[in-house]
Every structure is written in C-alpha cells, then in structure tokens.
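What follows is one structure encoded as structure tokens, with my remarks underneath.
The values are calculated or read from the model by the stated rules, or taken from the named source; none is laboratory data. What you see is a predicted model; the values in this text were computed from it and never measured. Here the Cβ positions follow ideal geometry from the backbone for every residue, glycine too, while neighbour counts run over all protein chains shown. For accessibility, only protein heavy atoms count, side chains too; no ligands or nucleic acids. Shrake-Rupley method; radii C 1.70, N 1.55, O 1.52, S 1.80 Å.
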Amino acid sequence: MKVSKRVMTIEPSLTRQMFNLAQTYDDVIDLTLGDPDLPPPKEIREAAYEAIEKNKLRYSANAGLREAREAVAKRIAKVWGRGYDPQTQIAITVGGMEALFLSLSCMIDEGDEVIVLTPYYLNYIQMIEVCGGRPVMVEIYDPQKGLYIDEDALERAVTEKTIAIIINSPNNPTGDVLSKGMLQIIARFAQTHELSIVSDEVYRALLYDERPHESILQFPEAVSRTIVIDSLSKEYSMTGWRIGYAFGPEKMISNMIKLQENVAACVTVSSQYGLIAAYKRDISNRYIVETFRKRRDYLYKAISDLNLVKCQKPKGTFYMFIDISATGYRSGEFAYQLLKEAHVAVVPGVVYGKGYDDHIRIAYTKNVEQLETAVERIKFFLNKVGERKGI
C-alpha cells in the first residue's frame, strides 16, 4: 500500500518518545507532557453529564453549536475587548491543535513560507510541512533576557514566498511572554509585508503575579489579518475533552469551517456543552492558576539552588525551560540519562529548535510532593554528573 511522501516525513516528537519511554519505569516521575493533573470545575463536568443524560449528542453544525459560538463571542468581548460575529467569525474545533491545522491548511499553498519564532511548539513545524509549506525560523529567546524581538532578524526572514507568521504567548516551552512592545513590532511587521498572523494564545489564562494578558489584537493594524487560537485545555484543565476554537476574519473562518466538514465534521457535543457552561456562567479557573503558581514558586527556588543548571522564573504556562549547558550534555543525552539513572522524565530542548540543545523543559503538572521528589532525584543525578566530569 502506498503511503504519501508528505506523511512519511512526519516523525513522533521527542516529547512523546520520552513520555513513552517513561512508561517502561515503575516509579518514574513524568514531567514531559503539558497535561494538567487537576480536574475541571465541577459545574463544567455537570454540564457535560447533563448533555449525555438528556441525549444531547447529535451532530452539531460544522462550526459548532450556535450557543457555543455565542458563548465564545461573549468570552472574546471580555478577554480581548473586541466583537466577533458568532455566525461567521468563530469556529469550534477539536482542541487548539485542530484550530492550528485548519488555519494553516487554509493559508498555505505548495512552497509558501511561514515565519516561526523559536523556541517553538514542535507541531507548528510539522503542520506547516504537511500543508506543503516551509517553516522559516527566527530566534527570539535569550537565557538571560527571555523573549525578545530582533527586527533585523525578522526582516531577513522575509522573502517573496512568505505568507504568514506564527506567534505563541504565553510561550511554550519558556513560560515567558511577549511584551506589548514586542507584539506591536510584529503587528507593524505583518502589516508592512502583508502577512497573516496566527496567534496561539492557549496559555493566556495561566499567567501569574496578576500579570494581564497581552494580545496582538490590541493593535488595530493586526485585527484584519489575525487568526487567534484558543482552547479550554489549559484554562480549565480540559485536555482530554478536545475543545478549542479559532476566531478571525470571516473569509478565513468560513473556509476553516468548510474544511472542518472533511476533517472531523464537528466537535464532540458533550464537550461543547462544557464550553457553554464555562463561558456563559463565567466559571473561575482561579484555583488552577493558584495551584500552578505555587508549584512554579517552589520549583523555581528549588532548581535555582541546584548546581550545573539555571532557569528564568516563568511568567505563565506550567513549563520551566532549564539551561543545562554547564553539564556538558546535549539535551537528548541529558534527558535519557536522567530518566535512566534517576527515573525523572523531561523533554530535550532540541525539540523546540536546534538552538536549544542545551536546555530541557519541565512541565510542573504534578503535585508539590512529587515535584520535591523529582528535584531530589535531579540533584542526585547532577551530583553524579559533576563527579564523572570533574565539574
């Protein structure tokens, strides 16, 4: 049976490979996947149960239940301060992942180029390539300064084939955010070069220290060219519910809805009722944010006290990007040896770009007790590394 060359280029991510390898150990502490361990709010669970009990489980419109899109429109007005038509400018999708894939599929023709800011979420690259495009990477992270924008680097990345730029803030894997000034640079850059913007904002609800969410939509020049990707996976700890959405210009959304019919038909309806409850009732996710903030605070201090590693304090998400350059290991070797010798699973930094092979990513999606054990094991491993290498 013939398999397409395009699909054959896709490889399972190192994140998933490390996750799968971790399952072969009985006592592993798995800090690989961004899968929160907290339950969604009770009201959301009850709304889904009720939909199932009342047999509200028929197909919905390809764009999603009208009530779900209206609930999203209400949330957009509250969070982004802008009005979007629930009938024509909002699509309910199978998580943020499908929203990304549908948007890129509707933008890219064979040979088109898309600028990707690094460090990046790996699936951006593979989705672009599956759609026939070519990702062009622009580095925007410094271990000392965090995320920054080099306007000259952006300009050098543009060619006559460039059609879009993908941004992600709060950022996976660093936990850092793009400032208002950086977002304005991107907005003006996209306007100058007539580029579409895909703004992945799925971590917007996980910000700490009373930090407000900054979106590129605050700049009028960006609105007509931007597709925003959002999800309930992180905001309400609903990863397995597979419920997200995209909103943007009618021309793009209408084509995404058309493609949706051929990909998934519609999102699981019980999950849509969970979304309706979350947004129409304006259910708080404060306990989720506070839980991750406490974990962040513990982990940042604990990692900062270790030898041979250093990190920045995340401003959002539930990730920590750790500099391991002093160990002399490349990220894949470090992650493998840490798993083998200390039974802690982390993600090699090279997953997020070739320039980050001296970093690892930790997801603090385990409780503090497990994180304490993980830190003790990492400390044990680093001490062994220091002895072996005479550091």
Checklist entry - From Cα coordinates alone, what are the radius of gyration and Dmax values for region 105-186 in angstrom? => result 12.7, 38
Checklist outcome for this item: Cβ-Cβ cut-off under 12 Å around residue 314, Lys and Arg +1, Asp and Glu -1: the net charge is +4
Checklist outcome for this item: Expressed to one decimal in nm², the mean projection of the alpha carbon convex hull of region 307-360 is 3.9 nm²
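Roughly how large, in nm² to one decimal, is the mean projection of the convex hull of the alpha-carbon atoms in region 228-324? Show your work: numbers first, answer last.
On the way: hull surface 34.9 nm².
Mean projected area for region 228-324: 8.7 nm², to one decimal.
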Checklist entry - Measuring from label point to label point, each 7 Å out along Cα→Cβ, what is the residue 55 to residue 372 span in nm? => result 5.2 nm
Next on the checklist: Based on alpha-carbon centroids, what's the gap between region 81-145 and region 273-330 in Å, whole number please?
Outcome noted: 23 Å
Item to check | Residue-by-residue Karplus 3J(HN,Hα) for region 189-206, coefficients 6.51, -1.76, 1.60, Hz, glycine and proline x | outcome: 4, 5, 5, 4, 9, 6, 9, 6, 10, 10, 10, 8, 10, 5, 9, 4, 8, 10
Checklist outcome for this item: Using alpha carbon centers only, region 163-206 is separated from region 35-67 by a whole-angstrom value of 30 Å
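Could you give the dipole magnitude of region 233-391 about its Cα centre, charging the beta-carbon of Lys and Arg +1 and that of Asp and Glu -1, in debye to the nearest 20?
Working: 25 positive and 16 negative charges, 31 e Å.
Roughly 140 debye, rounded to the nearest 20.
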Checklist entry - Which whole-percent values make up P(r) of region 173-276 when all C-alpha to C-alpha distances are grouped in 5 Å steps starting at zero? => result 2, 11, 18, 20, 19, 15, 10, 4, 0
Checklist entry - So what are the ³J(HN,Hα) numbers for region 156-167, from phi and the Karplus equation (6.51, -1.76, 1.60; θ = phi - 60°), rounded to whole Hz, Gly and Pro as x? => result 5, 7, 7, 10, 5, 9, 6, 10, 7, 9, 9, 10
Item to check | Solvent-accessible area of residue 252 with every protein chain in place, 1.4 Å probe, in Å² to the nearest 10 | outcome: 40 Å²
Checklist outcome for this item: Summing -39500 (n - 2.57) over every DSSP H run of at least 4 residues in the chain and dividing by its residue count gives a helix-only mean residue ellipticity at 222 nm, to the nearest 500 deg cm²/dmol, of -13000 deg cm²/dmol
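Ranked highest first by average number of other Cβ atoms within 10 Å, how do 22-32, 307-317 line up?
On the way: 22-32: 16.1, 307-317: 20.9.
Listed from highest to lowest mean packing, they are 307-317, 22-32.
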Checklist entry - Using modelled backbone amide H atoms (1.01 Å from N, in-plane), which distant-in-sequence or interchain residues come within less than 5 Å of residue 115's amide H? => result 136, 163, 164, 165, 166
Item to check | Å² of accessible area per residue within region 124-272, as computed with a 1.4 Å probe and no ligands counted | outcome: 38 Å²
Checklist outcome for this item: Taking every C-alpha to C-alpha distance in the chain and binning by 20 Å from 0, the per-bin percentages run 28, 58, 14, 0
Checklist outcome for this item: Per the charge dipole of the chain (beta-carbon charges, Lys/Arg positive, Asp/Glu negative, Cα centre), the residue among 141, 213, 122 reaching farthest to the positive end is 213
Next on the checklist: For a protection proxy built on the mean count of beta-carbon atoms within 10 angstrom, sort 150-161, 36-47 highest first, please.
Outcome noted: 36-47, 150-161
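With Cβ to Cβ distances under 15 Å as the rule, what net charge do the other residues near residue 195 carry (K, R +1; D, E -1)? Write down the numbers at each step before the final one.
Working: positive: 134, 156, 161, 188, 225; negative: 109, 112, 113, 151, 155, 160, 194, 221.
Local net charge: -3.
Measure off, as a whole percent, the carbon and sulfur share of the 1.4 Å-probe accessible area of region 1-101, all protein chains present. Please report the intermediate quantities before stating the final value.
On the way: 3200 of 5970 Å².
Carbon with sulfur: 54 percent of the solvent-accessible area.
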Next on the checklist: Is there a quick way to get the dipole size of the chain? I mean about its Cα centre, with the Cβ of Lys and Arg at +1 and of Asp and Glu at -1; what is the value in debye to the nearest 20?
Outcome noted: 600 debye
Next on the checklist: Quick check on packing: order 239-245, 199-205, 212-218, 171-177 by the mean number of other C-beta atoms within 10 Å, highest mean leading.
Outcome noted: 171-177, 199-205, 239-245, 212-218
Checklist outcome for this item: For region 40-104, the per residue accessible area (1.4 Å probe, Å²) is 49 Å²
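Using a 1.4 Å probe on the protein heavy atoms, what percent of the accessible area of region 213-360 belongs to carbon and sulfur? Intermediate values should be presented prior to the final figure.
Values: 2550 of 5230 Å².
On region 213-360, the fraction of accessible area on carbon and sulfur atoms equals 49 percent.
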